[in-house]
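See below for the structure under consideration.
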Amino acid sequence: MATLSKHNSELNERGEGKCSVPMWSGGIPSGFCDEPAFSRHKGGEYFEGRNGERHYLNGAYDGYVPALACPAHGGKTKEEALNLCSYCRLHPSTCESNPKFGTGKGKDNVYECDKFQPPLKELNNL
């Protein structure tokens, strides 16, 4: 099986990563899911089956998730997890943009913004 890379276990400067759930094809390892991920598995209430496996009451994915998880594998959606203001060079109190808010209240879940400016560190890597 492949080993986790940085993009499967850490969020980048924009608060995005890749899903770390191992994928299989015909009984042979075939890498990771690699869909966009914004958090680790949400978890929640669960019960244990006869063989010790977890079954989440909210219907979340109950398989092995070593690090980040996409929404299909139990992670938060972009709207739930991402706050672009945390990753932007502009200060939220002086920014005059048209943000799109997620499921939170106030400026705690900005998942899309027309004036987003990545950190200087990211611009130096281009």
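The values are calculated or read from the model by the stated rules, or taken from the named source; none is laboratory data. Bear in mind that the values here come from a model prediction, so they are computed numbers and not experimental data. Using ideal geometry, Cβ is built from the backbone for each residue, glycine included, and neighbour counts are taken over all protein chains shown.
Taking segment 26-42 as the range and being closer than 16 Å to R14 by Cβ and not in a loop (DSSP other than H, G, I, E, B) as the test, the residues that pass are P36, A37, S39.
The residues of segment 70-98 that are charged (D, E, K, R) and at pLDDT 85 or above amount to a single one, K76.
Of everything in segment 1-11 that is under 12 Å from the mean Cα position of the chain (by Cα) and free of Cβ contacts under 8 Å to residues at least 60 places away in the same chain, the residue that is nearest to Y87 (Cα to Cα) is L11. A Cβ distance below 9 Å, combined with a sequence gap of six or more or placement on separate chains, defines the contacts here; from segment 26-50, residues that are under 14 Å from P71 (Cβ atoms) reach residues that are of a type in the set (K, R) and assigned to a strand (DSSP E or B) in the pairs C33/K18; D34/K18; E35/K18; P36/K18; A37/K18. For segment 30-69, a residue qualifies if it is basic (K, R) and either closer than 11 Å to G17 by Cα or at pLDDT 90 or above (or both), and exactly one does: R40.
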